[in-house]
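The values are calculated or read from the model by the stated rules, or taken from the named source; none is laboratory data. Everything numeric in this text was worked out from a predicted model, so none of it was measured. Backbone-built Cβ (ideal geometry, glycine too); neighbour counts: all protein chains shown.
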Amino acid sequence: MRGINRYPGRHLVFGIVLIIVGLLLAFSFAESREKFVKQCTGEVYGKAVSVTRTSRPRRGYDYNVTIEFEVDGRKYTEDCTSSSKVKEGESLRVCYDPDDPSVCYIPAVESSPFMIRLGGGFCAIVGLVMSIKALTVMSKSKAT
């Protein structure tokens, strides 16, 4: 913990930033994502027509996927990125807006509102702990 003792002000600022980002993720972004998910009540299975693997330094691979699906005789395509391996020709569930099927998402490859909230909550908790620790260090240094 030598770093936090040396620069508690920086840790406090970073902790506050983490809290703000976490709360934004947990509430604002997750809410809009949840609203979008509720809007997409139609369901059909599409086919992965193109899969391109790209590397992520130290974290494996991402897959850029183009999915083709059909609603009422009309074909649509959706491009997305997945951290899970997707094979060309694989069948994937597509949820779409019945009023506008071009508005869609693929549950198997996209983040759910729950996961976004979980990540946001984690950021906020880490930020809170970091801020409390920094404030503790700062108050002890003022007392001496």
>> Among the residues of segment 18-72, what is the count of those that are hydroxyl-bearing (S, T, Y) and either within 30 Å of A134 (Cβ to Cβ) or crowded, with 17+ Cβ neighbours inside 10 Å (or both)?
In response: 2
> For the subset of segment 84-94 comprising residues that are touching a Lys or Arg at 6+ places or on another chain (Cβ under 8 Å) and either part of a loop (DSSP other than H, G, I, E, B) or of a type in the set (S, T, N, Q) (or both), which member is surrounded by the most Cβ atoms within 10 Å (Cβ to Cβ)?
Replying inline: E90
>> Restricting to segment 73-82, name every residue that is in contact (Cβ under 8 Å) with a residue 24 or more places away in the chain and of a type outside the set (F, W, Y).
In response: R74, T77, E78, C80, T81, S82
> Just to be sure, is V65 within 18 Å of the chain's Cα centre (by Cα) and touching a residue at least 40 places away in the same chain (Cβ under 8 Å)?
Replying inline: yes
>> Among (1) of a type outside the set (D, E, K, R); (2) modelled with pLDDT of 85 or more; (3) surrounded by 15 or more Cβ atoms within 10 Å (Cβ to Cβ), there is one condition P8 misses while meeting the rest; what is its number?
In response: (2)
> Taking D100, is it surrounded by fewer than 15 Cβ atoms within 10 Å (Cβ to Cβ), among the acidic types (D, E) and free of Cβ contacts under 8 Å to residues at least 12 places away in the same chain?
Replying inline: yes
> Just a yes or no: is a residue in segment 91-107 modelled with pLDDT under 85, closer than 30 Å to V17 by Cβ and out of contact with any strand residue (DSSP E or B) (no Cβ under 7 Å at 6 or more places or on another chain)?
Replying inline: no
